[in-house]
Amino acid sequence: MKNKGDGGNLISNNSNIPRKNTSQVYCFFRKKLGFVIFFGYLIASVPFFACGKKQQGEDTSVKRIVLWETYNNEEHDEIVRIARQFEKLNPGTEISIQRVPWGGHESKLMTSMITNTAPDIARVDVAFLPRLVISGSVQELTQYGSINTDDFVPAAINSNVWMENGVQKIYGLPDQTTGAALFYNRKMFRAKGLKVPPETWEDFLEYAKTLTIDTDGDGRPNQFGFAMDKELWWTFPFFNTYGVKFLSEDGTRCILNSEAGIKALQFKVDLYQKYKVEAGAWQSGAIAPDTGFINGMYAMILTGPWNIKRFKDVGLDFGIALIPRGPAGTSTNVGGSNMVVLKKANHPEICFKFLQYLTSPKIQAQWASKLAQIPVNINAERNMDFSRQPEIKLFFEQMKTAVARPKVISYNGLENAANPYLYAALAGKKTVKEALDTIAKTIEEEILVEK
C-alpha cells in the first residue's frame, strides 16, 4: 500500500471543513515525557539547529538555502526546475535541493539536529509536524508575511495551523496532499444496469447488494460489492461523512465513541456482518482490496491516486467517484506532506518567500499538470486543463471536503490504540460501542495524558 503520508503521483506508483472556518484549528496533543527528555538532551548537548554554517571561501553575497526533500525521480526533477525558476526571479539566491529517502527521513532530520547539519527547509510527513511544533524546532511563518488559509485545500493547510492563546499560528505550508475516493468496476456496473456511481451511503449499500453475486452456484458469493481495509486511516471516510469529531475542543478527551461515531462504525461493520456485501478483505490472509479489484472479485473499493497507473496498466475498466455522502456530506481521509522552515534556518525570510512561490497558484498548476497530482492551492484550478486529467479533477474536488487528521504527537500511537479494537468490532468479538469505548479510553490514557 502506498505510504499514506506521501502525496502520491496520480499516474505513477509513487465532517466537511468549510473554507471560511479553516482558521478554527486547535492544538490536539499532549507532550510525552520521552520526547521532552530527548529534546532536552539536544538542547543541552549542541547548539539547536545550527543550519548551513558558512564555509571558508563561500560567497557571502549569495543567500544560499538548503532544502531536504523526499520526492520520487519525476518530482525531484520538477522541484529542481522550480528552484531554478525562483533563483532567476530572485537574483543573489541559491536553493540547494538535497534528496533524502522517504523511509527514515524523520530520524535523519533528528540526527541532523545533533550534528549541526540540519537544512533550512525540510519536507516532512503531516503526522510528524506536531513533534516539530511541540519541540520548538520549526518557525512560525506568519512573522515573515501573510498567509491566506482560504487559498489552500482546507485539510492540507489545517495540518499546519495551531491556535495559541486565541491567535492563529502557521508552522508550515503543504506541498502535497492526497486521500481516498471510491473506485468502481465499470464492466460490473454495466452488467447490472448501473449507469452512475452511488452518491449516498444508502445508494452505495443497494449497489453493493446488487453486485454481490454467487457466480458459480455453490451457494456462496464469489463476487462482492465492496472490499475494505480495517485500519483507522481507512475508517476516517466513514467517520468524516457522519460528522464524527475525534477529540474534544480542548484536546483532553477522545470523543470518537459519540452517537455519530457509533453510527459510522456500525455502518462499516454492517457491510460485512449484517448485509454480507463486503468480502472480508480486511482479514489476515484475505485478498487485498486493490488486488481483488484488479482480479474482478470486488466491484467497489476505497483507494487513492497511487493505484491509478497500476489499474490502467492492466487494462481495468474503472471509474472514480466521490466518497458516498453521509449525514455530513462527502469527505475522506488525508495524507500528504508539508514544507517547514527550521528554527535556526539561514535567511528564513527567503525560505518563506520560496515556500510561497512553491505553493502559488501558477506553480501548483505547473506541478500538478506535469506530475498529475492534486494541487494544494485552490486557485490553481484556474490554470489547469482538467479535461486532460479527469482523475486530478475528481481528487481535487474530494480533497476540498477532506478532514485533517487529529494533531497528536504520535499519529502511529492513535493507529496502534485503535486498530485492534476496530478489528474486534468487524470480527464480531466486540460490539461497536464496546470497541469505541475502549479506543477512547486507551487514547486518553496513552496518547492525550501529560506524563
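The values are calculated or read from the model by the stated rules, or taken from the named source; none is laboratory data. These numbers were taken from a predicted model, which means no experiment stands behind them. Neighbour counts run over all protein chains shown; Cβ positions are idealised from the backbone, glycine included.
Miscellaneous remarks
- Within the option set 251, 261, being buried (at least 19 other Cβ atoms within 10 Å of the Cβ) and of a type in the set (Gly, Ala, Ser) holds for one residue only, 261.
- The set of residues in the range 401-451 being small (Gly, Ala, Ser) and more than 20 Å from residue 259 (Cβ to Cβ) consists of 402, 404, 410, 413, 417, 424, 427, 428.
- Counted residues, the range 210-232 - those being hydroxyl-bearing (Ser, Thr, Tyr) and surrounded by 13 or more Cβ atoms within 10 Å (Cβ to Cβ): 2
- Filtered by the rule that a residue be at pLDDT below 90 and among the hydrophobic types (A, V, I, L, M, F, W, C), the range 103-133 gives 110, 113, 114.
Okay, residues lined up against (1) more than 22 Å from the chain's Cα centre (by Cα); (2) closer than 28 Å to residue 302 by Cα; (3) modelled with pLDDT under 95; (4) of a type in the set (S, T, N, Q):
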site: 334; (1), (2), (3), (4): no, yes, yes, no
site: 342; (1), (2), (3), (4): no, no, no, no
site: 351; (1), (2), (3), (4): yes, no, no, no
site: 358; (1), (2), (3), (4): no, no, no, no
site: 361; (1), (2), (3), (4): no, no, no, no
site: 381; (1), (2), (3), (4): no, yes, yes, no
site: 395; (1), (2), (3), (4): no, yes, no, no
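- In the range 135-161, residue nearest to residue 362 (Cα to Cα) [restricted to those that are buried (at least 21 other Cβ atoms within 10 Å of the Cβ) and of a type in the set (A, V, I, L, M, F, W, C)]: 152
- Residue 229 satisfies every condition listed in (1) acidic (Asp, Glu); (2) more than 25 Å from residue 259 (Cβ to Cβ); (3) in contact with a helix residue (DSSP H, G or I) (Cβ under 9 Å, 6 or more places away or on another chain) except (2).
- Meeting the requirement of 1 or more residues that are among the β-branched types (Val, Ile, Thr), the helices (runs of 4 or more DSSP H) wholly within the range 376-451 are 390-399, 432-443.
- Residue 235 being more than 20 Å from residue 443 (Cβ to Cβ) and at pLDDT 95 or above: no
- Members of the range 398-451 found to be acidic (Asp, Glu) and over 30 Å from residue 149 (Cβ atoms), listed by number: 434, 437, 445, 446
- The residues of the range 267-318 that are farther than 14 Å from residue 211 by Cβ, hydroxyl-bearing (Ser, Thr, Tyr) and not in a loop (DSSP other than H, G, I, E, B), listed by number, are 272, 291, 303.
- Top-ranked residue of the range 238-248 - restricted to ones that are closer than 18 Å to residue 447 by Cβ and out of contact with any helix residue (DSSP H, G or I) (no Cβ under 6 Å at 6 or more places or on another chain), ranked as surrounded by the fewest Cβ atoms within 10 Å (Cβ to Cβ): 248
- Test: residue in the range 166-184 that is on the phi < 0 side of the Ramachandran plot, in contact with a Lys or Arg (Cβ under 7 Å, 6 or more places away or on another chain) and part of a helix (DSSP H, G or I): no
- Qualifying residue in the range 135-142 (condition: part of a strand (DSSP E or B) and under 20 Å from residue 171 (Cβ atoms)): yes
- Considered as a group, the residues in the range 113-129 that are assigned to a loop (DSSP other than H, G, I, E, B) and within 17 Å of the chain's Cα centre (by Cα) include one that is surrounded by the fewest Cβ atoms within 10 Å (Cβ to Cβ), and that residue is 128.
- In the range 361-382, residue nearest to residue 140 (Cα to Cα) [restricted to those that are crowded, with 17+ Cβ neighbours inside 10 Å and of a type in the set (S, T, N, Q)]: 377
- Residue 177 being of a type in the set (Val, Ile, Thr) and surrounded by fewer than 19 Cβ atoms within 10 Å (Cβ to Cβ): no
- Residue within the range 368-376 that is outside the structural domain of residue 126 (by TED's automatic domain parsing) and either at pLDDT below 90 or aromatic (Phe, Trp, Tyr) (or both) present: no
- Where residue 67 falls short, out of the listed (1) under 25 Å from the mean Cα position of the chain (by Cα); (2) loosely packed, with under 14 Cβ neighbours inside 10 Å; (3) at pLDDT 95 or above: (2)
- For the range 78-112, a residue qualifies if it is exposed (fewer than 15 other Cβ atoms within 10 Å of the Cβ), within 23 Å of the chain's Cα centre (by Cα) and part of a helix (DSSP H, G or I), and exactly one does: 107.
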